[in-house]
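Structure first, commentary second.
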Amino acid sequence: MDKRPNILQTSQLSVSVPSRTLVRDVTVGITENQVFGLIGPSGAGKSTVLRALNRMTDLVPGLKVTGDVQLHGRSIFAPGTDANALRAKVGMLFQQPVVFPASIVDNVLFGARRLQSLSKSVQAELAESALQEAALWSEVKDRLKAPAAKLSVGQQQRLCLARALATKPEVILMDEPTSALDPRSTEAIEALIKRLKSRHTIVLVTHNLRQARNVGDQLAFIGVRDGVGQLLCEGTVESVLNRTDVAEVDEYVCCQ
Amino acid sequence: MRKFLDAVTALIAFACALLALALLGGLVYVIVQKGGPAISWGFFTEQIRLVGAAGGIFWNLIGTLILLLTAFLASAPIAIALALMERVWLKSETSRSILRTGLYAINGVPSIVFGIFGFIVLVQWCGWGKSWLAGGLILAMVILPTVTVALMERLKAIPAKYVEAAAGLGLSRSQIIWAVLLRQSWGGLITGSLLGLARAAGEVAPIMFTATIFAGAAMPHAIKESPVLSLPYHIFILAQDSFDPGVGSKLWGSALVLLGLVFSLSLAALPTRLRIHEEAHHG
């Protein structure tokens, strides 16, 4: 077992809406500088668990989160916790790239510039380093002022990653970040994920077993049992995917 | 039979559209034909003389612009506050619909009632007398529903993904309001204001007791007892006294200028309105 400390730890994390429980009792530890994959069938609550990790669940009226999530051993639900500061530390990449109707450079700095006051030169450096880190710099360095919407979808997704990186997050939550992308852009993002884990911890929701095998270090399988999403098994990628004794995993792996 | 019905329906719709266009065209034609001869450079730059029978409408135009600008400046912040309240702070559908119903109710208040209200509250109770500010504020109330509803629609059209993405970066609610909601909806504010002002520009009732007189006013320098001249009131007074053919041509000329002003305000709103539609389809 890895001796590095868990940067994120959930204990009995459950999320419910007034009418039903979406996902129940998820307890996982996520080690630093790893890619932690969340896999499972659609609707099992993978994205919901992911969004609880940086309290994006707060934004949805009626959603109730119980149990706990600890970042560096401290509960993110503790009174006095600044949810906005938390989200800057635990950044997020969505399924569809969301670029703001602004220029490329304005998009990169969208969060960073508002979270702290930065001089013009620092802003330029930050934009460059974030775009470098997201492997987009060489493609856009001559047109930083161009509208971000002009980029291809794959480039837009890397721009969103650069925008998250610019706020210097420790953890990046990725919610099926390649499901809207073509194979080449997917490859680019996967290569990036592998590189990013040297400096960041990544929690990746994916429905793609090939991707899980390719980039994942640890996996958690969230499946539906008794009508409620729950953690059915976790461990290294191969150990989880070989759990043919868990019917849901077996079925899921077979069908892909 | 069905084809026949289709054809009849299309024909009726087409005829109605043609009728509407013909009415507009006829109106514009009559006003241009009668008012055109009065239009000259001097008509815009000279002040009124001989009780409207001679001279121009310089101060009337300026007065109307002052009233419109005041109405815009006074209504915009309130409209922003109300629209944000609906989008961000009001959680229950009931409270939202109360707010919206209130706005529609204000929109339905006859403009003469606004005029009387302004007269009682601002002119008499506050002791301002006839004042450009009183008129501007009353016109702001007249256009407030239009501006607010336009802004609400625009805010509603902002996809939730933008708010989510901004929150995911760690922005606070007020930062999201500035960086996402207002940044992407100011077009709605401008469009709504222009459409509201296009309507307000021609209103006589809200300003006749509160802000405007027929002659003898120029640039206001204070709030109290500082009336302005205005185009619609000018037309209103001349129309009651238009047996003199000289007055008649000035009357039609003023109407033409007012029509031009209203059309320009509506036209100025067009580009942002078109852009909003485009974004709604491709966004």
Open item on the list: Need one word for chain B: rounded, prolate or oblate. Basis is the Cα gyration tensor (sqrt eigenvalues a ≥ b ≥ c); a/c below 1.5 gives rounded, then a/b vs b/c decides.
Closed with: oblate
Open item on the list: In square angstrom and rounded to 100, what buried accessible area do you get between chains B and A, total over both, with the probe at 1.4 Å?
Closed with: 1500 Å²
TODO: Evaluate the relative contact order of chain B (contact order divided by residue number), counting alpha-carbon pairs under 8 angstrom at least 6 apart; express in whole percent.
DONE: 27 percent
TODO: Once you have a ≥ b ≥ c as the square roots of the Cα gyration tensor eigenvalues for chain A, tell me rounded if a/c is under 1.5, and otherwise prolate or oblate according to whether a/b is larger than b/c.
DONE: prolate
Open item on the list: Using a 1.4 Å probe on the protein heavy atoms, what percent of the accessible area of chain B belongs to carbon and sulfur?
Closed with: 72 percent
TODO: Check the straight Cα-Cα distances from A:Lys197 and name the aspartates and glutamates below 14 Å, setting aside those fewer than 8 residues away within the same chain.
DONE: A:Glu32, A:Glu133, A:Glu170, A:Asp217
Task: Relative contact order of chain A, defined on C-alpha pairs under 8 angstrom at six or more residues apart (%) - done: 27 percent
Task: Cα-centred dipole magnitude for the range B:41-282, charges only on beta-carbon of K, R (+1) and D, E (-1), debye, nearest 20 - done: 600 debye
- [ ] Let me know the Kirkwood hydrodynamic radius for the protein assembly as shown, please, with Cα pairs as the basis and the value in Å to one decimal.
- [x] 27.8 Å
Task: Residues with amide H under 5 Å from that of A:Gly37, placed H, sequence gap 5 or more - done: A:Leu204, A:Asp217, A:Gln218, A:Leu219, A:Ala220
TODO: State, to one decimal in nm, how far the label point of A:Lys168 lies from the label point of A:Thr27, with both points 7 Å from Cα in the Cβ direction.
DONE: 3.5 nm
Open item on the list: Among the complete DSSP H segments of chain B, which ones combine at least 15 Å of alpha-carbon extent along their axis with a mean Kyte-Doolittle hydropathy of 0.5 or more?
Closed with: B:2-35, B:58-84, B:132-157, B:245-282
- [ ] Give me the accessible area per residue for chain A, probe 1.4 Å, as a whole number in Å².
- [x] 44 Å²
- [ ] Could you please state, rounded to a whole Å, how far the C-alpha centre of the range A:54-86 is from the C-alpha centre of the range B:126-150?
- [x] 46 Å
- [ ] Take the Cα gyration tensor of the range B:194-234, multiply each eigenvalue by 5, square-root it, and list the three semi-axes largest first, rounded to whole angstrom.
- [x] 19, 11, 9
Open item on the list: Which entries of B:Lys91/B:Lys161; A:Lys145/A:Lys168; A:Lys141/A:Lys194; A:Lys89/A:Lys145; A:Lys120/A:Lys150; A:Lys64/B:Lys156 have Cα-Cα distances beyond 21 Å here?
Closed with: A:Lys145/A:Lys168; A:Lys141/A:Lys194; A:Lys89/A:Lys145; A:Lys120/A:Lys150; A:Lys64/B:Lys156
TODO: Quick one: pull the percent of accessible area on chain A belonging to carbon and sulfur, 1.4 Å probe, ligands and nucleic acids left out.
DONE: 49 percent
TODO: Output the antiparallel fraction of DSSP beta bridges having both residues in the protein assembly as shown, as a percent to the nearest 5.
DONE: 55 percent
Task: In Hz, Karplus ³J(HN,Hα) per residue of the range A:69-84 (6.51, -1.76, 1.60; θ = phi - 60°; x = Gly, Pro) - done: 10, 10, 10, 6, x, 10, 5, 7, 9, 4, x, x, 6, 7, 4, 5
Open item on the list: Give me the dipole magnitude in Debye, nearest 20, for the protein assembly as shown about the Cα centre, with unit charges on the beta carbon: positive for Lys and Arg, negative for Asp and Glu.
Closed with: 500 debye
Task: Antiparallel bridges, percent of DSSP beta bridges restricted to chain A (to nearest 5) - done: 55 percent
Task: Spatially proximal lysines relative to B:Lys34 (Cα-Cα < 16 Å; intrachain offsets below 8 disregarded) - done: B:Lys250
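The values are calculated or read from the model by the stated rules, or taken from the named source; none is laboratory data. If you're wondering where the values come from, they're calculated on a predicted model, not measured in any experiment. Every residue, glycine as well, gets a Cβ built from its backbone with ideal geometry; the counts of neighbours run over all protein chains shown. Each accessible area value is taken on the protein alone, full model and side chains, heavy atoms only, with ligands, DNA and RNA left out. Shrake-Rupley method; radii C 1.70, N 1.55, O 1.52, S 1.80 Å.
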